[in-house]
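Reviewing the structure listed below.
The values are calculated or read from the model by the stated rules, or taken from the named source; none is laboratory data. Here the structure is a predicted model, which means the values were calculated and not measured. Positions of Cβ are backbone-derived with ideal geometry, glycine not excepted, and every protein chain shown enters the neighbour counts.
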Amino acid sequence: MIRRATPADAEGIFRVHRSAILDVASTRYTSEQIEAWAGKLSPASYTEPIENKIVFVADDAGQICGFGQLDPKNSMVEAVYVLPGHLRRGLGGRLLSALESIARASGLAQLTLDASLNSLPFYEQAGYRRVRSVGHELKPGVSIPCVVMRKELV
């Protein structure tokens, strides 16, 4: 079931996010990059987005197995992550679709996102197009390459 996140979901969202970075993103990034990326997360990281942005969770009998986050003020998909054991079952696509539906209903004409290298095929399949390559500094001296992508919603 896809539903809006509540503050009680923060621990589950943290678990999904961290697991996805450690298990999936490690196929395209170094251990130093992965440690810096996952190391900056905590359950408290999700309080502000849950309260001020649009966050959906995939809830499987009380277990959070995926989440997606939209910043409608900036027309930006900020996250779509799924537990590694739930990959390739359409769950990420359903989360992304839910975010896009809210964006359309809010009158947004396009969405942008910063895709990690391992997520490029997922977003391309969903209709997002590459705009440019960027780097995100995770901590001084450690950054990860990403790709800015855009999708027209109209």
**Asked** For the range 96-125, what are the residues that are under 23 Å from residue 3 (Cβ atoms), hydrophobic (A, V, I, L, M, F, W, C) and more than 14 Å from the chain's Cα centre (by Cα)?
**Response** 102, 103, 105, 108
**Message:** For the list (1) surrounded by fewer than 14 Cβ atoms within 10 Å (Cβ to Cβ); (2) in contact (Cβ under 8 Å) with a residue 24 or more places away in the chain; (3) in a loop (DSSP other than H, G, I, E, B), I need the number of the one condition that residue 107 fails.
**Reply:** (2)
**Request:** With respect to residue 144, determine if the residue is β-branched (Val, Ile, Thr) and in a strand (DSSP E or B).
**Result:** yes
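If you go through the range 49-97, how many residues are assigned to a loop (DSSP other than H, G, I, E, B) and either touching a Leu at 6+ places or on another chain (Cβ under 6 Å) or surrounded by fewer than 19 Cβ atoms within 10 Å (Cβ to Cβ) (or both)?
8
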**Request:** Kindly check whether there is at least one residue in the range 38-48 that is part of a helix (DSSP H, G or I) and either buried (at least 19 other Cβ atoms within 10 Å of the Cβ) or aromatic (Phe, Trp, Tyr) (or both).
**Result:** yes
**Asked** In the range 1-28, how many residues are buried (at least 16 other Cβ atoms within 10 Å of the Cβ), outside any helix (DSSP H, G or I) and at pLDDT 95 or above?
**Response** 2
**Item:** Complete set of residues in the range 117-147 that are surrounded by fewer than 16 Cβ atoms within 10 Å (Cβ to Cβ), over 19 Å from residue 21 (Cβ atoms) and touching a strand residue (DSSP E or B) at 6+ places or on another chain (Cβ under 9 Å)
**Value:** 124, 127, 129, 130, 131, 132, 133
**Request:** Please tell me if residue 68 is in contact with a strand residue (DSSP E or B) (Cβ under 9 Å, 6 or more places away or on another chain), over 22 Å from residue 136 (Cα atoms) and touching a residue at least 12 places away in the same chain (Cβ under 8 Å).
**Result:** no
**Asked** Does the range 79-98 contain at least one residue that is modelled with pLDDT of 95 or more, out of contact with any His (no Cβ under 6 Å at 6 or more places or on another chain) and under 23 Å from residue 143 (Cβ atoms)?
**Response** yes
